[in-house]
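Taking it in order: structure first as structure tokens, then the write-up.
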Amino acid sequence: MVKDIAPGTTVTVIRVVEDIHCTSRGDHRILSTPSLILFLEEAAASALAGHLDERQATVGTRVAIVHEASTLLGQSVTITATVTAVDRRRVAFSVAASDRLERLASGQHERFVVDLDVLDTRLSTKAVALGQLKDAVSQP
């Protein structure tokens, strides 16, 4: 459950496009779609950060965006995430990104609140199972 967060809560984050966020198109280095999605997810997660218990975090569960325009290496990108719905541990957002000239993307994103102790147990169990699978596959 998320404490004290309601639809309409908005956060705005500014990120500078670095080379690690880019792909090449012709002679230009531009913000890649995966990096744009990362920026949108980070903004939404930051909107929830102060509303979680100490042993909670959020994970992205859904992203639906339209990447409408490109932006160049070195440009500032303004990302806005607005809470549109809260349903127990599920939080839905409207997200958008723009540079100083135009809108780059818009869409929806959902995050789910997880208990870190439960997640750690699940991931540890999976790691053990994968290790056993790896050993079984590598043996003749």
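Any read-out appearing in this document is the output of simple, stated calculations on the displayed coordinates, not a laboratory observation. Predicted model, so just to flag it, every value in this text is computed and none were measured. Here the Cβ is made from the backbone with ideal geometry for all residues, glycine too, and neighbour counts use every protein chain on show.
Screening segment 50-99 for residues that are hydroxyl-bearing (Ser, Thr, Tyr) and within 13 Å of the chain's Cα centre (by Cα) and picking the one that is surrounded by the most Cβ atoms within 10 Å (Cβ to Cβ) gives Thr58.
Find the residue count for segment 10-48, including only residues that are over 23 Å from Ala64 (Cβ atoms) and either under 12 Å from the mean Cα position of the chain (by Cα) or of a type in the set (Gly, Ala, Ser) (or both). So the answer is 2.
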